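Working notes, structure below.
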Amino acid sequence: MAQTSSTRPTACLVLADGSVFYGMGFGATGVAQAELCFNTAMTGYQEIMTDPSYAGQIVTFTFPHIGNTGITPEDDETADPVAAGMVVKWDPTEPSNWRATERLADWLEQRGRIAIGGLDTRRLTRAIRQAGAPHVALAHDPEGNFDIEALVAQARAFPGLEGMDLAKEVTCAQSYKWNEMRWAWPDGYPVQDAPKHKVVAVDFGAKRNILRCLASAGCDVTVLPATATAEEVLAHNPDGVFLSNGPGDPAATGEYAVPMIKSVLEAELPVFGICLGHQMLALALGGKTIKMNHGHHGANHPVKEHGTGKVEITSMNHGFAVDAQSLPNGVSETHVSLFDGSNCGIAMDDRPVFSVQHHPEASPGPQDSFYLFERFAENMAARKA
């Protein structure tokens, strides 16, 4: 029986192994190639789509009610969506949120991001967990015309994230100052007008809320591009240096970032890294990173701090991890994932240098990990004292 226009699929997700998932498209039309991952968070789809760490990836959302909070410009982590596309179980729901200014589907269409609804996201997630993050092509055509053979070829042609430097694609074009602090009712984002510490934040794909947390911890923040040299960093005479999150393979970005980090470490300044910044700090200290099977993407990841025994509920987004067995003498593992035992934090034993794999600014706990920003501020205060 021929399909009617109301039932004919308008989008399809094609995996490099030839698997095809049909559904209903929304957002922009066209084709996107990327690595496919899944995210288990129940909230924050807008923050996820605008997180620069998702460059080169299409996100499958395991929570079914995507669209229910609409879109709020205040919640963007960067100016536009960075993730290549999104996959959801149902068509996006209508907004039910007093802060919303537009619908998810309209926002995606205006910003050139493709989405597909109506898929069995549990089946897709199981496939990712079992076989690893696949390379895919996501196509949206309102007429429902798809050349599956060509889409399989496009999925197979995607080079993969290993060896890919994506930080240069999402970093800022030039340096800028940041003084906006964390959102507070009822005024929104207050301004830090009495900072105590000068911080240079190296932007490998920084989320805005990380910069807000630094400002809230008393920092006067200057953001520099990913390609900044140690000379450019130190020219600002900072009290501390922050290494941001970002996408892609840390070893690839580390080709130019690791020499900079090594020189900054020689200056004996306090250093704090998150996510990609954590991984590249490990590389600079002599450790190694590895590609994970399907990565960690969600807002309910339990992480234990070895020193205190404290367990934090954290937000994570990474497909690479630091190999704790590769850490040299003088560098200790500080945090570990209680899901799979993978490394989630390191610190130098004799210097105020530390980093974490998870995202303390996302605060799903809701404030479990903010102490890390305060620790960074305390390290800068101690050095000055």
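Before moving on, here are some points about what is shown:
- Flag if residue 40 is at pLDDT 95 or above and out of contact with any Gly (no Cβ under 6 Å at 6 or more places or on another chain): no
- Yes/no for residue 115 being touching a residue at least 60 places away in the same chain (Cβ under 8 Å), out of contact with any Cys (no Cβ under 9 Å at 6 or more places or on another chain) and either closer than 18 Å to residue 82 by Cα or not in a loop (DSSP other than H, G, I, E, B) (or both): yes
Conditions tested, residue by residue: (1) open to solvent by less than 20 Å² (accessible area, probe 1.4 Å); (2) basic (Lys, Arg); (3) more than 24 Å from the chain's Cα centre (by Cα).
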{"residue": "111", "(1), (2), (3)": "no, yes, no"}
{"residue": "121", "(1), (2), (3)": "yes, no, no"}
{"residue": "127", "(1), (2), (3)": "no, no, no"}
{"residue": "132", "(1), (2), (3)": "yes, no, no"}
{"residue": "138", "(1), (2), (3)": "yes, no, no"}
{"residue": "148", "(1), (2), (3)": "no, no, yes"}
{"residue": "162", "(1), (2), (3)": "no, no, no"}
{"residue": "165", "(1), (2), (3)": "no, no, no"}
{"residue": "168", "(1), (2), (3)": "no, yes, no"}
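- Selection status of residue 8, basic (Lys, Arg), closer than 29 Å to residue 160 by Cβ and surrounded by fewer than 18 Cβ atoms within 10 Å (Cβ to Cβ): no
- Residue list for the stretch 193-218, filter: in contact with a helix residue (DSSP H, G or I) (Cβ under 9 Å, 6 or more places away or on another chain) and open to solvent by 30 Å² or more (accessible area, probe 1.4 Å): 195, 196, 198, 209, 216
- Filter pass, residue 270 being under 30 Å from residue 132 (Cβ atoms) and open to solvent by less than 10 Å² (accessible area, probe 1.4 Å): no
- Within the stretch 81-94, restricting attention to residues that are open to solvent by 40 Å² or more (accessible area, probe 1.4 Å) and at pLDDT below 95, the residue that is farthest from residue 35 (Cα to Cα) is 94.
- Filter result for the condition that a residue is at pLDDT 95 or above, of a type in the set (Val, Ile, Thr), under 23 Å from residue 351 (Cα atoms) and surrounded by 24 or more Cβ atoms within 10 Å (Cβ to Cβ), over 233, 221, 258: 221
The values are calculated or read from the model by the stated rules, or taken from the named source; none is laboratory data. Keep in mind the model is a prediction, meaning the values are calculated, not measured. For neighbour counting, all protein chains shown are included, and Cβ atoms are generated from backbone atoms with ideal geometry for every residue, glycine included. Each accessible area value is taken on the protein alone, full model and side chains, heavy atoms only, with ligands, DNA and RNA left out. Shrake-Rupley method; radii C 1.70, N 1.55, O 1.52, S 1.80 Å.
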